[in-house]
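Read through the structure below, which is laid out as structure tokens, and then see the notes.
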Amino acid sequence: MQYIVVDFEFNQAFAFPERNSEPEPRCPAEVIQIGAVRLDENFNETDSFSMYVKPQIYRRMHPFITKITGITSAKLQGAPGFAAAYAAFVKWIGEGKSILCTWGNDDVKELYRNMTYFRVNHKLMTRKYINAQQIAGAQLKFTGSIGLRKAAEQFGLDCSEMFHDAQNDARYTANIFRAADRTGMQVQTLNLAQLHQTTQARVESINAKPLFAFAERRFKHKLSARDMDTILAIYAAGRIGRFDRRRAETAGVDDTDGMDNLPEEDNLPEEDNGRT
């Protein structure tokens with residue numbers, strides 16, 4: 001038995017002034033870094049893994065993600081794509097019985113969304129995982145979802161290494177997991193059918209027929225195919241707050257504690273918002 005403590009950094013769509021990157025509902029958060037620590041059955045660290053991943057959906061880095069992670073487009077230029085990085089990660093994990101350990105539930109879900117989007121073999125990756133955030137929060141009697149930095153500080157860990165780096169965050173998670181009271185820890189199994197339904201709901205969430213009818217009443221003419229495409233694009237952008245004033249200030253946010261990924265309006269998963 002081995003525990004693979006894993007963390008990911010993600011890139012997402014952003015409304016660049018000169019050219020928007022459109023959100024892909026099947027994969028709203030694209031993996032750009034994999035970090036992992038291997039623990040043996042006695043919870044001793046035996047190995048580690050780190051790899052950057054060249055984005056293929058959101059090719060240009062979201063400025064806020066670059067700000068908090070230090071990851072730039074140039075840094076990812078020579079990195080492998082997701083399929084090759086996934087193959088290397090699976091090879092590193094090996095064939096023994098494994099359980100993933102993550103900070104919150106989101107990383108596992110987004111990993112599998114990436115796996116589905118890029119059509120890699122799901123069977124090579126375990127669906128069993130432990131939520132270390134839940135274990136730490138319960139021990140610290142924290143209401144809600146505790147951030148990784150706060151938990152590390154509460155457990156008295158050395159926090160000198162940069163947060164929002166996948167390998168560092170995986171090691172912080174591993175050290176918290178080792179230090180915490182693991183009595184009664186729950187091993188969960190990711191429900192792929194439910195995840196697929198959630199993802200599909202995002203894809204099919206726009207009810208176009210009444211939207212087009214409203215537009216025709218408003219503009220008092222029959223919509224062309226080009227009109228329909230334009231309306232759908234504008235509607236989708238508006239739903240995620242693409243043109244909100246505060247989005248223009250995103251890259252200037254200074255308080256990054258508790259914000260490993262972007263806020264919900266940037267199309268992040270709704271669960272476990274206190275990921276860090």
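The values are calculated or read from the model by the stated rules, or taken from the named source; none is laboratory data. Computed from a predicted structure; not experimentally measured. As a convention, Cβ positions derive from the backbone with ideal geometry for all residues, glycine included, and neighbour counts pool all protein chains shown.
Among the residues of segment 65-75, is any surrounded by fewer than 19 Cβ atoms within 10 Å (Cβ to Cβ) and either in contact with a Cys (Cβ under 7 Å, 6 or more places away or on another chain) or not assigned by TED's automatic domain parsing to the domain that holds Gly156 (or both)?
So far as segment 65-75 goes, no, none of its residues is surrounded by fewer than 19 Cβ atoms within 10 Å (Cβ to Cβ) and either in contact with a Cys (Cβ under 7 Å, 6 or more places away or on another chain) or not assigned by TED's automatic domain parsing to the domain that holds Gly156 (or both).
Are any residues in segment 91-102 exposed (fewer than 15 other Cβ atoms within 10 Å of the Cβ) and either at pLDDT 95 or above or touching a strand residue (DSSP E or B) at 6+ places or on another chain (Cβ under 9 Å) (or both), and if so, which ones?
Lys91, Gly94, Gly96, Lys97 - these are the residues of segment 91-102 that are exposed (fewer than 15 other Cβ atoms within 10 Å of the Cβ) and either at pLDDT 95 or above or touching a strand residue (DSSP E or B) at 6+ places or on another chain (Cβ under 9 Å) (or both).
Provide a single number: the residues in segment 26-79 that are aromatic (Phe, Trp, Tyr), closer than 27 Å to Thr198 by Cβ and in a loop (DSSP other than H, G, I, E, B).
Result for segment 26-79: 1.
Taking the stated definitions as given, is Ile57 assigned by TED's automatic domain parsing to the domain that holds Ala152, aliphatic (A, V, I, L, M) and closer than 22 Å to Asp169 by Cα?
So Ile57 does not fit the description; no.
Looking at Glu30, Glu22, Glu41, which one is of a type in the set (Asp, Glu), touching a residue at least 24 places away in the same chain (Cβ under 8 Å) and crowded, with 22+ Cβ neighbours inside 10 Å?
Checking each option against the conditions leaves just Glu30.
If a residue has to be of a type in the set (A, V, I, L, M, F, W, C), modelled with pLDDT of 95 or more and under 27 Å from His122 (Cβ atoms) to count, how many in segment 151-189 make the cut?
Residues meeting the conditions: 5.
What residue, of Glu24, Glu41, Glu30, Glu18, is of a type outside the set (A, V, I, L, M), assigned by TED's automatic domain parsing to the domain that holds Leu100 and under 19 Å from Tyr129 (Cβ atoms)?
Glu41
Report those helices (runs of 4 or more DSSP H) wholly inside segment 134-213 carrying at least 1 residues which are over 18 Å from the mean Cα position of the chain (by Cα) and exposed (fewer than 10 other Cβ atoms within 10 Å of the Cβ).
Hits in segment 134-213: 192-203.
Determine whether Glu216 is among the acidic types (Asp, Glu) and in a helix (DSSP H, G or I).
Spelling it out, Glu216 is indeed among the acidic types (Asp, Glu) and in a helix (DSSP H, G or I).
Matching residues to (1) touching a strand residue (DSSP E or B) at 6+ places or on another chain (Cβ under 6 Å); (2) of a type outside the set (Ser, Thr, Tyr):
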| residue | (1), (2) |
| --- | --- |
| Gly104 | no, yes |
| Tyr112 | no, no |
| Tyr117 | no, no |
| Asn121 | no, yes |
| Leu124 | no, yes |
| Lys128 | yes, yes |
| Asn131 | no, yes |
| Gln134 | no, yes |
| Thr143 | no, no |
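Mind listing whichever residues of segment 61-107 are out of contact with any Phe, Trp or Tyr (no Cβ under 7 Å at 6 or more places or on another chain) and of a type in the set (Lys, Arg)?
The answer is Lys67, Lys91, Lys97.
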